[in-house]
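I have placed the structure first, in the form of structure tokens, so that the comments after it can refer back to it.
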Amino acid sequence: MERVPTRLTPAALNSLPYDVATIFDEVQSTTRNHAKNRTHLLKLHDDALETYEELSWNRHKAVGKHKFQEAFMLGLFKTLRLPKGNSRADNVAIFAGSYLAATHNREANEQQSNWAVQFTNKILKELKGGYDAKDRNVRYRILYIMSKLSPNLGEIEYETYESLRTRYVQRLSDKDKDVRAMAAYCLANFCGSETEEQVHDGEPLAQDILLETLSMDPSSEVRKVILSQIPLNSDTIPHIIAQARHKDVVIRKLVYAQVLRKGIWVEDNEPGPCHPTEMSLENMESIIRKGLRDSSDGPRQAAVSLVNEWVKAFERAYAKPEPGFLAEVGLISLLELFDVYELKPEELEPLELMLKTILSSRPDIMNSINFGDDFWNQLGPENAMIARVYVEYCQEQKESSLSLQNKLDEILPEVVVMAQKLEGHYSALQSLYEAQHEDTKVDPKNIRKREFILAEMFKFAALLDYTGDHVGIGHMQPLIRDILTENQLPTELLPLCLDVLRELADEKDFIRQVVEIVDTLRESVPVEGYQASCPFQTVFDPCRLTCLQPHTSQQEDIDEMDARCLQMCIHMLERVNSSFENNSTLAGVTQALIVPRLSHPRPDISKYAVTCVGLTSLIAKRTASHSLHACIRSIKSPETLPDMKVVVYKVLFDLLMAYRKRLFDFTPRLVPLEEIEELLLDQLGKEEDFVALTVLCEGLMKLILTDFMDTPHEFIVNLFKMFTWPQTQDQPALLQRLNYFFHAYPHSSAKHQGTMQMIFIDAVKEVAKTRADLIGDESVITSVKVCDMFIEWTDPTKLEAYLESKGGNTTTVNHSVQIDLAEQILKSLFEKTNEDKLAKDDKRALYQLLARLVLPDEVDVIQVTALQLLIDNLKRARPSATLPQMGPSKTAFKKFETGFLGRYAAQIEAMSEEDYRKYEGLDDLFKFLEDVFPDDSDAEDVKPKLRGQKRWVSASLRVFSPISDGWLLCRRSRSAAPGSGEEEEEISARNKRPR
């Protein structure tokens with residue numbers, strides 16, 4: 001029989017567990033000695049691997065291997081009960097992971113490689129039992145060890161992979177957040193290599209599971225781990241960007257500073273998934289909107305750095321600038337991705353913010369931009385926008401920076417030069433229009449680019465300083481008038497062109513020139529048989545104007561011109577602040593153009609006319625009452641189209657906001673305020689068109705925020721009901737406005753916060769009604785969510801913080817507002833009528849809300865007394881009907897009661913029976929309790945127990961008083977006739993205890 005070599009002597013074999021344990025003791029203290037100890041352990045491993053015990057019949061036993069495995073796992077598993085953060089346990093796990101990597105990667109023979117795989121499987125098998133351990137430290141340590149081992153496992157069998165994956169997914173639902181975080185870390189190791197073929201049918205991929213956890217897990221720590229470990233690709237990036245709205249500042253900063261930034265470049269300087277050329281425009285725009293507008297400085301600066309990295313990514317291609325190189329080439333390349341000439345004005349806003357942010361953080365670009373001849377000769381959509389935003393930024397910052405003012409004076413072109421450049425680009429646009437009209441093949445993109453460049457040049461020209469530059473004005477003003485008169489400018493550019501004209505003249509001259517342009521345009525369309533049969537009037541009365549209808553063949557040309565002229569009038573009136581009476585030229589265009597088109601058969605023309613009338617009424621007080629009355633009639637009319645109703649709502653709210661309640665003092669007084677409020681409240685429940693409903697809600701919210709209404713409670717309740725509607729969740733414009741209102745209103749003043757407190761119960765009931773009327777798959781927020789909203793909206797500390805940030809008067813804050821809320825909740829829990837009945841879930845939410853209320857240190861004695869009466873009568877009057885008998889609701893009520901009694905014990909003990917009679921503020925409360933427990937009610941007996949005799953109290957209300965430890969009797973005078981209004985309540989405190 002061949003003798004098997006044995007490398008370790010029996011003594012060395014016996015000391016092997018001690019040697020391994022010694023290594024594990026050393027690696028616990030620091031990671032600096034891990035390399036040395038790893039080498040030592042590998043040598044022990046080699047020796048143990050070659051150590052066998054000879055058996056009979058040419059057999060042998062690998063005693064060295066088994067002893068090494070046992071010693072290694074003993075050293076590793078000793079740390080399982082140590083909590084998170086223990087550096088010794090962490091170092092052991094790190095060492096174990098690095099050692100496992102060394103066994104797989106070292107150059108060894110096949111036998112040793114097989115042993116490494118077997119050793120790995122042995123460790124994984126031994127760890128299986130710890131995933132479901134009762135001790136959370138064990139569960140955490142098992143997953144922490146696996147987080148260090150997983151990257152070094154190499155190729156594993158499918159059964160092992162499936163077993164690990166299943167356990168990781170199970171631990172994602174662990175009640176301990178640290179365990180969930182480690183499970184997410186481990187599961188993320190499978191995301192890069194897992195395919196759909198490896199999972200069972202219908203089972204989600206590991207990546208999808210982590211994305212769901214990222215959006216649903218309440219722990220910030222779990223989300224941080226997922227953000228740091230999940231791979232970046234087109235599927236995960238939108239979910240990662242969504243975390244930029246998280247309430248945790250650290251998470252928001254992590255999204256920009258680490259997760260997205262590291263994905264710009266990959267190995268070998270290749271563009272990564274977060275490179276601007278690889279990301280979708282939607283994702284980039286979302287980063288700009290959320291990051292650059294973040295309320296906290298940390299995430300905002302991280303987003304600024306990310307955007308600058310985008311610019312630098314493009315600047316790499318121009319490391320050696322050629323002649324004619326522009327300093328803003330990185331900005332131009334970045335803007336080219338967005339096709340700015342295709343965007344609407346509101347869609348340009350985030351890009352403008354991005355440019356201003358880059359200019360403020362990149363002084364090298366800021367100082368290198370120059371508007372010389374090369375700039376204007378190479379003018380495209382991108383650098384035209386850059387030039388305009390650059391000037392806007394300098395003008396915004398020039399008050400705080402003299403250098404920017406000097407820079408602006410240095411680079412801005414003269415007005416004459418700007419007029420020449422503007423005329424050249426307008427002529428180029430005209431040429432494209434003519435070529436298109438002659439059926440020449442013209443790329444529509446070229447036309448849109450030219451229009452965009454011209455629009456940016458108009459904006460740029462409006463920013464120039466025309467003060468004292470008569471020569472420049474002499475060139476620019478005729479050019480602008482000619483452009484407006486030639487009727488070739490797109491209507492979208494009319495307001496921009498009028499902005500330039502407004503800068504060239506004072507307000508009166510501006511109005512005169514626009515009216516002259518309108519007259520010229522209308523005269524350019526010949527009309528046979530058309531004449532006005534009456535002179536211009538000064539009162540808006542369409543019946544006074546009669547005109548002959550033009551020929552049908554010319555009607556379309558006339559309508560198009562009227563529509564253009566009305567739009568020009570709208571833009572003109574939006575830029576006018578002086579009164580109507582001081583501008584006589586307005587009367588002519590109003591009577592000749594605007595008023596006759598109020599009932600035009602073309603809806604767009606009539607809308608333009610109504611808008612003009614509304615704008616005119618803002619500067620003409622004598623017509624405001626008539627316009628208001630016309631708006632009310634239009635809203636009431638069932639024939640009013642939704643599009644027209646949108647315009648009418650806007651006019652109505654503009655009038656109310658401009659004149660406030662003075663509007664109802666103007667003569668003639670055609671509509672009272674009460675009628676308007678009733679109409680608007682009715683429309684809030686009837687309006688079916690969501691565009692019109694959005695305008696209606698926005699107008700009402702403006703009135704409420706500015707305290708236009710004395711009692712806005714019913715409006716706010718209906719707005720909150722709309723805020724929770726299932727249908728509203730699919731209307732982002734409406735939902736955004738409602739969300740802003742309910743965060744801004746309660747945190748703007750103590751009065752507003754008090755209003756929110758008063759409508760709370762009504763809001764809960766309205767949501768309950770909505771919930772009862774749900775159809776199909778519709779859903780509405782739970783009562784718990786409603787309570788969460790109101791406890792935040794009525795938090796006096798948030799209001800105080802807001803007022804401090806705005807320099808407001810914090811002494812106005814009512815710190816007892818949630819005491820009032822508690823009184824309101826307790827009253828509602830009595831459920832005194834069938835209409836006041838609350839669903840079980842609603843009552844549970846109210847009880848739990850009580851325990852979360854903020855109880856201030858100093859409270860009015862009447863409030864303390866009222867709450868004490870409500871608590872004790874709620875407990876003793878109908879305990880089986882009103883109070884929870886078990887579960888979280890009972891615990892929450894007990895917590896509230898204990899906290900209340902503990903905080904205000906001194907005030908409660910200091911109260912006497914005379915105090916009860918003295919405070920008139922308790923009269924309403926006694927009346928409430930009398931209504932809850934009327935005479936001869938069949939409520940549970942609430943009399944104190946008397947020995948030996950029964951005591952009956954006729955025509956009285958028994959209200960438990962904690963002060964006298966007895967019952968207050970609220971008697972009605974027998975001599976007063978019911979309903980006569982002469983009833984008086986005599987409240988006497990009696991403590992009739994048996995002796």
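Details
- Applying D = kT/(6 pi eta Rh) to segment 1-156, where Rh is the Kirkwood radius over alpha-carbon pairs, T corresponds to 10 °C and eta to 1.306 mPa s, the Stokes-Einstein value obtained is 97 µm²/s.
- FRET efficiency for the L74 to K890 pair, using the beta carbon distance and R₀ = 35 Å, is estimated at 0.10.
- Amide hydrogen proximity for W265: with H placed 1.01 Å from N in the peptide plane, the residues at 5 or more positions away or on another chain lying under 5 Å are G272.
- Euclidean distance of C-alpha centroids, segment 553-568 and segment 743-798, integer Å: 50 Å
- A simple packing score, the average count of other Cβ atoms within 10 Å per residue, orders the peptides 670-683, 719-732 as 719-732, 670-683, with the highest score first.
- From helices alone, the chain scores -19000 deg cm²/dmol at 222 nm; the rule is -39500 (n - 2.57) for each run of n ≥ 4 DSSP H residues, then divide by the residue total.
- At an R0 of 35 angstrom, the distance between the Cβ atoms of D465 and S427 translates into a FRET efficiency of 0.85.
- Working note: Karplus 6.51/-1.76/1.60 with θ = phi - 60° gives segment 35-48 the couplings 4, 4, 5, 5, 5, 4, 5, 5, 5, 4, 4, 4, 5, 5 Hz, where Gly and Pro are set to x.
- Note on surface exposure: E197, E823 rank E197, E823 by accessible area, highest first, 1.4 Å probe.
- Label-to-label distance for K177 and R602 is 6.2 nm, based on points extended 7 Å past Cα in the beta-carbon direction.
- Here the relative contact order of the chain, from alpha carbon pairs under 8 Å that lie six or more residues apart, stands at 4 percent.
- Summing +1 for each Lys or Arg and -1 for each Asp or Glu among the other residues whose beta-carbon sits under 10 angstrom from that of E342 gives +2.
- Surface composition of the chain: carbon and sulfur atoms hold 48% of the protein heavy-atom accessible area at a 1.4 Å probe.
- Extension gain, V442 back to D643 (0.36 nm per residue minus Cα-Cα distance, nm): 68.9 nm
- Taken along the Cα-to-beta-carbon direction at a fixed 7 Å, the label points for Q378 and K508 span 4.9 nm.
- Amide N of segment 667-701 lying under 14 Å from the label point, which is placed 7 angstrom from the Cα of D730 along Cα→Cβ: 689-691
- Spin-label model, E714/D872: points 7 Å from Cα along the beta carbon direction are separated by 3.9 nm.
- Structure note, pairs K134/K895; K702/K751; K875/K895: Cα-Cα distances above 18 angstrom occur for K134/K895.
- Residue-normalised accessible area of the chain, given per residue in Å² at a 1.4 Å probe: 50 Å²
- Each of (1) 10, 26, 30, 22, 10, 2, 0; (2) 10, 25, 22, 18, 15, 7, 2, 0; (3) 11, 32, 27, 20, 9, 1, 0 is a candidate for P(r) over Cα pairs in 20 Å bins from 0, in percent; the one calculated from this structure is (1).
The values are calculated or read from the model by the stated rules, or taken from the named source; none is laboratory data. Model, not experiment: these values are computed from the prediction. Glycine also receives a Cβ, built like all others from the backbone with ideal geometry; neighbour counts cover every protein chain displayed. Heavy atoms of the whole protein, side chains included, go into the accessibility calculation; ligands, DNA and RNA do not. Shrake-Rupley method; radii C 1.70, N 1.55, O 1.52, S 1.80 Å.
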